[in-house]
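Inspection log for the structure reproduced underneath, given as structure tokens.
Read-outs throughout are calculated quantities, based only on the coordinates presented, and are distinct from any laboratory measurement. Given the structure is predicted, the values throughout are model-derived calculations rather than measurements. Glycine also receives a Cβ, built like all others from the backbone with ideal geometry; neighbour counts cover every protein chain displayed.
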């Protein structure tokens with residue numbers, strides 16, 4: 001009964017970004033503050049696009065943006081200070097005006113020589129293409145759309 | 001097709017907190033960064049509880065916490081710098097180990113003398129009661145649970 | 001041997017904003033993360049200006065901004081979760097292109113019925129007037145400059 | 001007339017961390033929000049210590065912390081979205097209870113094929129050793145102090 005839909009298995013995603021938990025990320029319970037993870041999802045999203053050949057900054061220069069319309073996160077086990085997080089992501093849907101990403105964050109506990117990783121969270125974000133000039137929804141440029149379509153994976157981890 | 005479930009109408013929630021958008025909250029699109037709103041949901045949650053007679057800090061002093069297990073947000077129309085936001089919230093479910101809150105954020109545009117408000121987002125957060133000593137799920141103290149139950153409203157805005 | 005210059009005594013500043021410490025503000029040491037206070041200094045600055053009759057958002061609408069060129073903070077005693085902070089501020093210098101603010105943050109410990117307040121930090125920020133169009137330094141509009149000059153207080157707390 | 005003292009030249013510091021500017025880091029002026037840089041200074045500090053053989057998380061496990069007592073930043077030229085920042089840092093002082101770091105942040109503009117870097121800011125942070133149990137100032141463990149002393153550089157960039 002999670003607010004987050006089922007997401008792809010780890011094997012169907014790519015580990016697109018990694019980061020160690022900073023003091024800045026933690027809260028008084030000694031764990032990463034729940035909102036802070038969204039920053040790392042952004043990092044994963046932009047690095048996934050960059051690896052696919054799409055520099056988001058250049059898309060904006062061309063007058064298009066992909067703001068979030070929805071986010072859902074299911075928190076599994078909290079990351080703590082200095083834990084080494086890996087953010088895995090995939091494109092799961094791309095239409096001419098919308099794109100959805102799914103994510104899994106895993107982490108290795110600071111100082112854990114075994115390197116065993118645990119599940120931190122799973123998440124999905126939905127985005128709508130807008131003209132940055134006025135924020136109005138619009139169709140993506142064709143090259144962006146084709147590039148995103150080429151990234152879409154299905155539950156088996158296959159490009160579709 | 002939002003990731004956020006339907007939430008209570010405004011009329012069934014209470015306006016529990018208000019804040020003007022700071023520069024710190026905005027991003028380069030000139031709007032509030034999507035993760036920043038979660039901070040204001042926290043503000044609303046803690047003030048809703050305080051108004052109901054529950055100081056969350058005292059609950060923690062007693063060894064109990066209510067970390068998030070899930071969050072879902074549907075972004076409607078972005079708030080901008082200096083807009084006057086109001087965060088409305090309600091308890092929508094309370095069991096002995098879990099509690100869920102729903103939220104609506106509205107805003108009045110900075111400098112808009114008409115005072116017309118627009119819908120910024122709607123959201124839900126789910127929480128699990130844990131012992132702060134070890135983070136293990138546990139039953140809430142009876143007084144907390146009774147207090148939360150007394151706050152639960154149904155879709156018509158009635159206490160249930 | 002602090003990095004922050006001497007600042008005005010509390011009696012020479014105005015309590016311009018207040019806020020309770022959120023979970024979002026804390027770090028794993030259970031105290032407010034040092035960078036988070038800068039957000040509250042911004043809140044104080046904008047409310048000081050608003051109380052003086054200058055809506056910073058309107059100044060930006062007119063094409064002028066006051067970005068920071070310098071900040072210095074001396075941390076005295078940390079605020080903790082749910083502490084009630086008061087941010088005191090004053091304008092200490094205003095030329096046609098520069099303005100400086102000083103701040104003192106005090107707090108009352110959460111649940112402390114005595115209401116005794118303690119010193120959290122003192123700080124100064126320096127700002128330069130720029131054209132928002134291109135970020136170039138420029139002279140302030142005369143009405144803004146006169147208004148800021150009218151706010152300048154000296155160490156005795158007198159308007160100068 | 002900066003609030004930040006003179007800091008070491010770039011040549012006397014090490015480039016200890018790098019990061020691209022995220023949307024999360026920017027504000028409505030399209031530049032990195034001034035408080036956000038402090039997060040990157042923390043990243044640099046912890047990576048400088050890690051490279052020197054001191055895992056800060058382990059120091060905390062042993063009951064010691066190094067909270068900030070002072071910070072001063074002089075902002076030179078703002079970094080923008082997707083700019084590639086490099087954070088340079090050095091230890092400039094270490095006594096048995098205090099340690100100071102200096103920093104320079106440089107950046108290469110997003111999409112700038114020339115790779116030319118510009119100066120973003122310079123900063124200093126001062127820290128005091130405390131017992132994490134009660135937050136009281138204390139002497140550092142000898143091994144930490146010796147390690148920090150071994151990192152101290154003077155203005156010529158020599159270990160002192």
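What the table shows:
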{"quantity": "Alpha-carbon centroids, region B:66-100 and region A:48-84: separation in whole Å", "calculated": "22"}
{"quantity": "Shortest-first distances to equivalent copies, position residue B:158, nm, label 7 Å out along Cβ", "calculated": "5.3, 6.8, 8.5"}
{"quantity": "Segments C:108-115, A:91-98, D:49-56 sorted - mean Cβ within 10 Å per residue, highest first", "calculated": "A:91-98, D:49-56, C:108-115"}
{"quantity": "Distance (nanometres) between label positions extended 7 Å along Cα→Cβ at residue A:146 and residue B:6", "calculated": "4.3"}
{"quantity": "Mean shadow area of region A:33-79 over all directions, Cα convex hull, nm²", "calculated": "4.2"}
{"quantity": "Shortest-first distances to equivalent copies, position residue A:63, nm, label 7 Å out along Cβ", "calculated": "2.4, 6.4, 6.6"}
{"quantity": "Burial ranking of peptide ranges A:34-40, D:147-153 (average Cβ count within 10 Å, highest at the top)", "calculated": "A:34-40, D:147-153"}
{"quantity": "For residue C:136, label point 7 Å along C-beta direction: distances to other copies, nm", "calculated": "3.3, 5.9, 6.8"}
{"quantity": "Convex hull of Cα atoms in region D:10-149, direction-averaged projection (nm²)", "calculated": "8.9"}
{"quantity": "Centroid-to-centroid separation of region B:109-153 and region A:111-160 [C-alpha atoms, Å]", "calculated": "29"}
{"quantity": "Peptide B:141-149 - average C-beta neighbours from other chains (10 Å radius)", "calculated": "0"}
{"quantity": "Solvent-free Debye scattering, log10 I(q)/I(0), computed from the Cα coordinates of region C:76-137 at q = 0.13, 0.21, 0.24, 0.26 Å⁻¹", "calculated": "-0.51, -0.80, -0.92, -1.00"}
{"quantity": "Average beta carbon contacts from partner chains per residue of C:70-81, 10 Å cutoff", "calculated": "6"}
{"quantity": "Averaged over B:41-49, number of beta-carbon atoms from partner chains that fall within 10 Å", "calculated": "3"}
{"quantity": "Relative exposure of D:128, C:129, judged by other C-beta atoms within 10 Å (fewest first)", "calculated": "D:128, C:129"}
{"quantity": "Pair-distance profile P(r), taking every C-alpha pair of the protein assembly as shown, with 20 angstrom steps and integer %", "calculated": "18, 54, 27, 1"}
